[in-house]
Structure formats: C-alpha cells, structure tokens
1. Please indicate, with yes or no, whether at least one residue in the stretch 37-58 is open to solvent by less than 70 Å² (accessible area, probe 1.4 Å), in contact with a Pro (Cβ under 8 Å, 6 or more places away or on another chain) and in contact (Cβ under 8 Å) with a residue 60 or more places away in the chain.
2. Cβ contacts < 7 Å: first residue modelled with pLDDT under 95, restricted to the stretch 12-33; second residue within 11 Å of ligand 1 (Cβ to nearest atom), any location; separation 6+ or different chain. Result?
3. Can you find a residue in the stretch 66-81 that is within 14 Å of the chain's Cα centre (by Cα) and free of Cβ contacts under 8 Å to residues at least 12 places away in the same chain?
4. Could you give every pair whose Cβ atoms fall below 8 Å, whose first residue belongs to the stretch 105-133 and is closer than 30 Å to Leu71 by Cβ, and whose second residue is among the charged types (D, E, K, R), counting only separations of at least 6 or pairs across chains?
5. Can you give me the number of residues within the stretch 35-68 that are within 16 Å of ligand 2 (Cβ to nearest atom) and assigned to a helix (DSSP H, G or I)?
6. Tally up the residues in the stretch 7-34 that are surrounded by 14 or more Cβ atoms within 10 Å (Cβ to Cβ), among the aliphatic types (A, V, I, L, M) and within 13 Å of ligand 2 (Cβ to nearest atom), please.
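The values are calculated or read from the model by the stated rules, or taken from the named source; none is laboratory data. From a predicted model like this one, the values you see are computed outputs, not experimental measurements. Ideal geometry is used to build each Cβ from the backbone, glycine not excepted, and the neighbour counts take in all protein chains shown. Areas reflect the complete protein model, heavy atoms only, side chains present, ligands, DNA and RNA absent. Shrake-Rupley method; radii C 1.70, N 1.55, O 1.52, S 1.80 Å.
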Amino acid sequence: MDNCIFCKIVAGELPSYKVYEDDKVLAFLDIKPVNPGHTLVVSKAHYQNLEEIPEDELIAITIVIKKLGKLLKDKLAIEGYNVCENNDSVADQEVPHLHFHVIPRHVGDGLRTWKHVDYQAGEAEDIIKKLQN
Ligand code: AMP
Ligand code: ZN
C-alpha cells in the first residue's frame, strides 16, 4: 500500500534490522524499543487490523511469534516477554499495518502493563448479554 512504512520495509524500500522472514511474515526490530530486542512481527501483505487479516496468515504470524519468544529468551537472556497488538488509533495503533509487538522483559525493568478497574453492579452481566446474543 502506498505511503505505508511497514509495506515499504517489507518491499525493502526502507531499512530494517530483520530478525526473521518467510513468504507471509516479516519480523524486525522496533526502531524505538520499549526494551532492547523489542521486535515487530508483521504480515507481508497490508491489512489494517485483526478483523481484516485472513486466518491462515494470522496463524503464520502466531507461529513466528512463538518461535521468536524462544529465540529472544535463549539469545538475549531475558526472563519473559509481552506480546501485544494495537487495533485502531483509539487503542494506540500508530502504524495502520497489522503488527504484533514482542517485548522482552527483565525482572525489575519497571514497566507497567494495564490499569485495572472494578465492574459496577450489573455491568458484567450486561456485557455478557450483549456478547452472547
Ligand atoms: P503501534 O503504536 O502499535 O502502531 O506501533 C508502531 C511501532 O512501530 C512503534 O513501536 C514504533 O517505534 C515502530 N516503528 C515506527 N517506524 C518504524 C520503523 N521505520 N522501523 C521500525 N519500527 C518502527
Ligand atoms: Zn502496509
């Protein structure tokens, strides 16, 4: 897709530090890592988000993420990692080309993940009704 930076990286028109590549998937280092080794796993074809990507391509990405987690643990001596994927700008998706973040974690690295809240009375039941009907 024109003007998509990740399509340009896939096409070799922009540089990247490639970690892994196959016919459907590319993994490369995030240019501004949350922690060193932070890797982005992208579909080679342009899809904006999870709703758009065909299931076989999503499975291919998931298999790469699984391998990558082990690679990062084995080679970078990390203790764990987060896998996350932002859908749409309200969820902090800055680059509108589907990508998963694999973020190395170290004991005491000080990163926080989510803020948790409590349900109001009846709220969980309302949500379940909406989701199940
Ligand atoms: P998101 O906010 O989920 O869309 O994440 C976009 C990510 O892409 C950010 O973590 C950026 O640091 C990263 N990024 C942007 N441009 C590049 C680039 N040219 N090469 C590698 N990573 C990039
Ligand atoms: Zn793209």
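1. So far as the stretch 37-58 goes, yes, one or more of its residues are open to solvent by less than 70 Å² (accessible area, probe 1.4 Å), in contact with a Pro (Cβ under 8 Å, 6 or more places away or on another chain) and in contact (Cβ under 8 Å) with a residue 60 or more places away in the chain.
2. none
3. So far as the stretch 66-81 goes, yes, one or more of its residues are within 14 Å of the chain's Cα centre (by Cα) and free of Cβ contacts under 8 Å to residues at least 12 places away in the same chain.
4. Arg105/Glu79; His106/Glu79; Val107/Glu79; Leu111/Arg105
5. Residues that pass the stated criteria total 3.
6. Result for the stretch 7-34: 3.
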